[in-house]
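Written out below as structure tokens is the structure these notes cover.
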Amino acid sequence: MNDSTGKIYEFGKFQLDAAERLLFDGEKTISLAPKIFDTLLLLVENGGHLIRKEEMLDKIWAESFVEENNLAQNISFLRKILGEDKNT
């Protein structure tokens, strides 16, 4: 899952460096576990487009069997890191 080498994505106050696998919040680096980073990268690369849950599971955990809950946990963690307000 690393076909975006060299790309830097910007969204809100964040920058995502695909090649270095780093997330920045302004000047601060936010450490993400590999699969959580893969989840965020897939979402950012496909911004504005629908991604089916099955496609996400296949791309993030290629050739591995995981439960849907793994994806839900990754997205929940990303919401906390990125500061999504649960009341919106």
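The values are calculated or read from the model by the stated rules, or taken from the named source; none is laboratory data. On a predicted model such as this, the values are computed, not experimentally measured, just so you know. As a convention, Cβ positions derive from the backbone with ideal geometry for all residues, glycine included, and neighbour counts pool all protein chains shown. Ligands, DNA and RNA are stripped out before the accessible areas are found, and what is left, the full protein with its side chains, is counted by its heavy atoms. Shrake-Rupley method; radii C 1.70, N 1.55, O 1.52, S 1.80 Å.
So, in segment 25-83, of the ones that are among the aromatic types (Phe, Trp, Tyr) and touching a helix residue (DSSP H, G or I) at 6+ places or on another chain (Cβ under 9 Å), which residue ends up surrounded by the most Cβ atoms within 10 Å (Cβ to Cβ)?
So in segment 25-83, the residues among the aromatic types (Phe, Trp, Tyr) come out as 37, 61, 65, 77.
Applying the additional criterion that residues be touching a helix residue (DSSP H, G or I) at 6+ places or on another chain (Cβ under 9 Å) yields 61, 77.
Details: Trp61: 17, Phe77: 15.
Per the stated criteria, the residue is Trp61.
Of the residues contained in segment 23-44, one or more are found to be outside any helix (DSSP H, G or I), among the aromatic types (Phe, Trp, Tyr) and modelled with pLDDT of 95 or more. Contact map, segment 27-50: first residue within 14 Å of Phe11 (Cβ to Cβ), second residue assigned to a loop (DSSP other than H, G, I, E, B) and open to solvent by less than 90 Å² (accessible area, probe 1.4 Å), Cβ cut-off under 8 Å, separation 6 or more or different chains; pairs are Leu40/Leu32; Leu41/Met1; Leu41/Ser4; Leu41/Ala18; Leu42/Met1; Leu42/Ile51; Leu43/Ile51; Glu45/Ser4.
On the given criteria, is Glu20 open to solvent by 50 Å² or more (accessible area, probe 1.4 Å) and touching a residue at least 24 places away in the same chain (Cβ under 8 Å)? No.
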